[in-house]
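I have placed the structure first, in the form of structure tokens, so that the comments after it can refer back to it.
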Amino acid sequence: MGKVKSLEELMKIKEQVLKELQLRGETGKRGKITVAMGTCGIAAGAKETLKAIVEALSEYNVSDVSVVQSGCMGLCEVEPTVEVRLEGQEPIVYGRVTPENARRIVKMHILEGRVVEDMVIRRGEA
């Protein structure tokens, strides 16, 4: 981030950060996206995946789905892994979630209600 040059620019940054923080809260949400952030996940690119999910939710103005981090899900060979839980649906775990695939999950699963079948690692409770 570069140097902030005006009050307006600072307020814009504040607004964006507050919007992103709201995505991380869980109360009153219809769903939750969990990104595994164990050392194996981070080494595989989970930070970039998390960032892409938050940006995509913000871009599509989705505020009723929270984004949280967890430790390793025990699926190290398919990291980065992401679990999507929506009300009334079985949880879905996706594997090898690149930032591009993360945006695809947000668009298809969160917005359109369609599971991204080619990336599913596990369905239902573990």
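Left without a cysteine partner by the 4.7 Å Cβ rule in the chain: CYS72. Applying 1/(1 + (r/R0)^6) with R0 = 30 Å to the Cβ-Cβ distance of MET108 and ILE13 gives a FRET efficiency near 0.50.
Taking amide H as placed 1.01 Å from N in the peptide plane, the amide H of GLU79 sits under 5 Å from that of ARG96, each at least 5 places away or on another chain. Bridge orientation summary for the chain: considering DSSP beta bridges with both residues in this region, about 65 percent are antiparallel. The long axis of helix 7-24 is offset from the longest Cα principal axis of the chain by roughly 20 degrees.
For the chain, what is the accessible area per residue in Å², given a 1.4 Å probe and the full set of protein chains? Write down the numbers at each step before the final one.
Details: 7350 Å² over 126 residues.
With all protein chains present, the chain gives 58 Å² per residue.
Counting only protein heavy atoms, what percent of the accessible surface of the chain is carbon or sulfur at a 1.4 Å probe?
Numbers: 3790 of 7350 Å².
Of all accessible area on the chain, carbon and sulfur atoms account for 52 percent.
Roll a 1.4 Å probe over the protein heavy atoms and report the accessible area of SER6 in Å², nearest 10. Approximately 50 Å² of SER6 is accessible to the 1.4 Å probe.
For VAL67, the residues whose amide H sits under 5 Å from its own are ARG24, GLY25, ILE33, ignoring neighbours fewer than 5 places away on the same chain, with H placed 1.01 Å from N.
The values are calculated or read from the model by the stated rules, or taken from the named source; none is laboratory data. Everything numeric here is computed off the predicted structure, so don't read it as measured data. Neighbour counts run over all protein chains shown; Cβ positions are idealised from the backbone, glycine included. Only protein heavy atoms, including side chains, enter the accessible area calculation; ligands, DNA and RNA are left aside. Shrake-Rupley method; radii C 1.70, N 1.55, O 1.52, S 1.80 Å.
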